[in-house]
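Scroll down for the structure; my scribbles are underneath it.
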Amino acid sequence: MHDYAKIAAWKQKERAEWVKATKRPKKSKRSRKKAKRRKLVPVNAQGYPANWTPRLRHYVRQLHGWQCAWCGKKQRELGDRVWLHVHHKDKNKRNCRIGNLVPLCPDCHVLVAHGGYWSDLRGDELCAATAAQKAKIAAWKKVRKQMKDDAKEYAMEETARKMGLAPPA
């Protein structure tokens, strides 16, 4: 069993260190030099800051309706074992602002973030996989465009009916 007092003390110490490391430097020349040496926020082994948490990633997925921002694939289509990835638009792991984060399905994340590179594919296999993925994304975009056009047309018909310009359905 864990000693919760020790865990709480450790978390408080970590938070104090993080706050100390992220404090805004004073305006003097000396403190600006110190700030340059100190650099930004502390990061973990993968290069993510302390505010990169499962809760944040869950919030981003929820904010976007549990669907890929690129192709529109829903989380439930991926299954129970695969989650939507959360991608940094500016590719800076330390920038965890909500506006910089978007959910992507694993296939789109490979294309968007890594330029279509799969570590286990080489040569012709990579080209074929990338072409297949691009075709899949083009098909999804076409479907999404059609859905948007249909929605606009329906909205226009509804408005005309409400104004009495069209016969009721």
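Considering region 56-82 alone, what residues qualify as being assigned to a helix (DSSP H, G or I) and more than 16 Å from V110 (Cα to Cα)?
First, the residues of region 56-82 that are assigned to a helix (DSSP H, G or I): 56-63, 75-78.
Of everything in region 56-82, those that are assigned to a helix (DSSP H, G or I) and more than 16 Å from V110 (Cα to Cα) turn out to be L56, R57, H58, Y59, V60, R61, Q62, L63, Q75, R76, E77.
Within the set R37, R94, R32, R24, the sole residue that is of a type in the set (K, R), modelled with pLDDT under 80 and part of a loop (DSSP other than H, G, I, E, B) turns out to be R24.
On the stretch given as region 41-84, residues that are in contact (Cβ under 8 Å) with a residue 12 or more places away in the chain and at positive phi total 3. Is region 91-104 home to any residue that is in contact with a Lys or Arg (Cβ under 8 Å, 6 or more places away or on another chain), crowded, with 17+ Cβ neighbours inside 10 Å and more than 19 Å from I137 (Cβ to Cβ)? Yes, the conditions are met somewhere in region 91-104.
The values are calculated or read from the model by the stated rules, or taken from the named source; none is laboratory data. Just so it is clear, the structure is predicted and the values come from calculations on it, not from any experiment. Cβ coordinates were reconstructed from backbone atoms using ideal geometry, including for glycine residues, and neighbour counts include every protein chain displayed.
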